[in-house]
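Take a look at the structure below.
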Amino acid sequence: MNTKNNFIDNIMSKLDPAFNTIEEHLSKWTHLELVSMLTLILLIFHGFITDNFNYPVQLVFLVAVFYRPALSSSLAWAVIALAASYEVMNFWHHTANHKFLTAYWLWALCISHWCEDEMSKERNLMINARFLILLTMAGACIQKLMSSSYMDGSFFEISLLTIPSFNFLLQLIGVDMSLPSFTHTAMADLRSASTVVAQNAISIPIDATFSIVAMAVTVWNLLIQFVLEILCLCRGDRFQLMFHWLFLFFIQTTYIAAPFVGFGFLICILCYTISAKRFPRISYLYLASLLMMVIYQSPWRQVLF
Amino acid sequence: MNIPPSTLRSRIERHVVLIIPIVASLIFLNQIYRQHVHDLSVWKGGGMGMFAAMDRPRGARFVKIYITDNNDIRMPVTAFDELTYRIQVEPSEKNLDRLLNKLINTQWRYSHHRIPILERNLDGSHTLLDHTPKPTPWGHNELIDVQSIDIEYGQIYFDVKTKVLVGKLIKERHYEY
């Protein structure tokens, strides 16, 4: 344990100059201002796609670039939060879960900016950020535990084959690369009203190694989210530190494999929010994770594999 | 009892923090309820269930619609994408009835396009069995004398033991004119 701590301390001390530079630049912003700006950037990159939402976001962002107090306008955040809520409620059939989370977070920012008392602003921001992380992790664990197709491993056996982002992983474990397209067309044929499939059943030639990998991914995914949930609930500094290191590990290992970065961006902002005051140096790693996610999105898989 | 405005505001500021946790928890519980009662997809509805089940609306759930004309030709229909998608997200009786009513109240016409009817072979290749006319709600072509409408909703499951993908029919609607 001590060796591990020394290793981390060594790395952290080597990063000192970088941390100091970041610290110097970030000191020009208040915590709430910086979190608000990061959220605006999230909305511009990964917000809702309709014009109703984009117009107010772009307007507030451009004004805030030149006039920073605009970031602290509860009215501006209320307009953005209303636009997001309209999108979620009106098009909920199409709305992904992380967009619900985005809408909640926008209201949290609106309320924080509305509060006059500095303590209330901070308290509101921290409580809501922590609650949303807890909700995400608890929701994911509960849904997975209730889902038979998750618990028997079938979800990841099929998802690894049908979600193109996982193709590099398949190549790493030596899966025949005709299998993903075979599975893809099998699913399309079963869905199609104009294709006759004998007994509505198609055999997929999956080998035992692939099934073991899929089951390992299944167990890992559930386990890490469960542990994160427990650690997030614990109050002590040691548990919180463990939570943040594990979360950073979770973010890096998850989004390098599956670059669904809209959700990753938001999670990083929430974790930055709860860590910035208590563990400033760790919070910078969340900011670095935002940059890493942009890199993960680039077509590096196609170049390497 | 009159409360000074500053005290009232500070009281509100103290309790306003509860709004989002309450609303988000209610939406979460509503998702769980609808999942069990109406088979709402885990991927939708604010239940944080992404990557938790195979019931992804467009991936593993299907809605097949057929119209049969007076020559007994059964034609697959691809129309009303939004109503169809809503069934894939939440296959409630209400959503199925809504689509059926829309199909019944539509004047169907033959189009210039024809749909190839294929058979899937064991190796994944396809054999062309036939072509059927493609019904459309648009244009001025000949009206179809519709005899019946069928809607089939189902989901694809994967059996981890036998490694077989199975398309299971879950709900049906049949309407005879």
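Among the residues of region A:121-134, some residue qualifies, meaning at least one is more than 8 Å from every other protein chain (Cβ to nearest Cβ), part of a helix (DSSP H, G or I), modelled with pLDDT under 95 and more than 21 Å from the chain's Cα centre (by Cα). Close contacts from region A:24-39, counting a first residue that is touching a residue at least 60 places away in the same chain (Cβ under 8 Å) and a second that is charged (D, E, K, R) and assigned to a helix (DSSP H, G or I), with Cβ to Cβ under 7 Å and a gap of 6+ residues or different chains, come to A:L32/A:K121.
Where helices (runs of 4 or more DSSP H) fall entirely within region B:55-107, those with at least 2 residues that are at pLDDT 95 or above are at B:81-89, B:93-104. The condition of being more than 7 Å from chain A (Cβ to nearest Cβ) and closer than 20 Å to A:M187 by Cβ holds for only one of B:R34, B:R61, B:R74, B:R11, that being B:R61. Quick check on A:T195: is it at the interface with chain B (Cβ under 10 Å from one of its Cβ atoms), free of Cβ contacts under 8 Å to residues at least 60 places away in the same chain, farther than 28 Å from A:A140 by Cα and of a type in the set (S, T, N, Q)? So A:T195 passes the test. The sole residue among A:L42, A:L32 that is closer than 18 Å to A:Y67 by Cβ and either of a type in the set (K, R) or crowded, with 16+ Cβ neighbours inside 10 Å (or both) is A:L32.
For the condition surrounded by 13 or more Cβ atoms within 10 Å (Cβ to Cβ) and either of a type in the set (S, T, N, Q) or within 12 Å of another protein chain (Cβ to nearest Cβ) (or both), B:R86 qualifies. If you go through region B:26-42 one residue at a time, do you hit one that is in a strand (DSSP E or B) and among the basic types (K, R)? Checked against the condition, which is being in a strand (DSSP E or B) and among the basic types (K, R), region B:26-42 yields no hits at all. Kindly provide the set of residues from region B:135-172 that are away from every other protein chain (no Cβ under 14 Å), part of a strand (DSSP E or B) and either touching a residue at least 60 places away in the same chain (Cβ under 8 Å) or under 21 Å from B:E90 (Cα atoms) (or both), ordered by number. Those that are away from every other protein chain (no Cβ under 14 Å), part of a strand (DSSP E or B) and either touching a residue at least 60 places away in the same chain (Cβ under 8 Å) or under 21 Å from B:E90 (Cα atoms) (or both): B:V146, B:Q147, B:S148, B:K171.
Looking at region B:114-131 only, could you name the residues that are loosely packed, with under 14 Cβ neighbours inside 10 Å and either within 25 Å of the chain's Cα centre (by Cα) or among the basic types (K, R) (or both)? B:R114, B:P116, listed by residue number. Taking the stated definitions as given, is B:V77 within 14 Å of the chain's Cα centre (by Cα) and buried (at least 22 other Cβ atoms within 10 Å of the Cβ)? For B:V77, the condition - within 14 Å of the chain's Cα centre (by Cα) and buried (at least 22 other Cβ atoms within 10 Å of the Cβ) - is not met. Among the residues of region A:252-305, the one identified as β-branched (V, I, T), over 20 Å from A:L228 (Cα atoms) and touching a residue at least 24 places away in the same chain (Cβ under 8 Å) is A:V294. Annotation note: of B:M54, B:M75, B:M48, the sole residue that is at positive phi and touching a residue at least 12 places away in the same chain (Cβ under 8 Å) is B:M48.
Each residue in region A:93-120 was checked for being within 7 Å of chain B (Cβ to nearest Cβ), crowded, with 21+ Cβ neighbours inside 10 Å and farther than 30 Å from A:W220 by Cα, and 4 of them qualify.
The values are calculated or read from the model by the stated rules, or taken from the named source; none is laboratory data. Just so it is clear, the model here is predicted, and its values are computed rather than measured. When we count neighbours, we look across all protein chains shown, and the Cβ atoms used for this are built from the backbone with ideal geometry, even at glycine.
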